[in-house]
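Following: one structure in structure tokens, then a few remarks.
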Amino acid sequence: MLVLRRDKEKTTNEKIIQSALKQFDFHKITKTDTSLMRKDLIITGKNRMVYLKQIWDSFRESELVITDRLHGLIFAFITGTPVVAFDNSTHKIKNSYFDWLFRFENVQYIDNNAEIDELVEKIKIVRTAGASYEYNDDFGSEYKEIINYLRS
């Protein structure tokens, strides 16, 4: 799954990504965004978890995520999906990776100036690493104490 920016924060070279992916036998490569900005869609407090779980399911069902979006990195991590993350112009990806995700082998950061061979190597690393933990979308039970505190 490719989760790449299409705005002014984009600094990723998609030609390098496409060239690297040709060296692997992926069944299907989808290109998406984490944004649900559609004129016909109204997200409310009542239905947001439905849409969020749909997005997480698409990440969880993917063999690999390549992203330059912070939400792409976070959603891949939450779902245990191997991810290679490029930085964007705000450096949110780089900072998030080096602040708290660097120790997970299935999460790899790659510099935007990297060559195809380096990207291929990062893909190999995350694919063999496996999930960092077992995915559980029942966040309510895991964070019940925090939720109750915030509601009080």
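Computed from the Cβ-Cβ distance with R0 of 22 Å, the FRET efficiency linking residue 13 to residue 71 stands at 0.60.
For the ranges 105-118, 58-71, what's the packing order if you count other beta-carbon atoms within 10 Å of each residue, average per peptide, and put the highest first? List each step's numbers first, then the result.
Details: 105-118: 16.5, 58-71: 20.7.
Ranking the peptides 105-118, 58-71 by packing returns 58-71, 105-118.
Note on segment 6-95: along the principal axes its Cα atoms extend 42, 30, 26 Å, ordered by decreasing extent.
In this simple spin-label approximation, residue 115 and residue 89 carry label points 7 Å from Cα along the Cα→Cβ vector, and these lie 2.9 nm apart.
Taken together, the values in this text are just the output of simple stated rules run on the coordinates, not laboratory data. Quantities reported herein were computed from a predicted structural model and do not represent experimental measurements. Please note: Cβ atoms are built from the backbone with ideal geometry, for glycine as well, and neighbour counts cover all protein chains shown.
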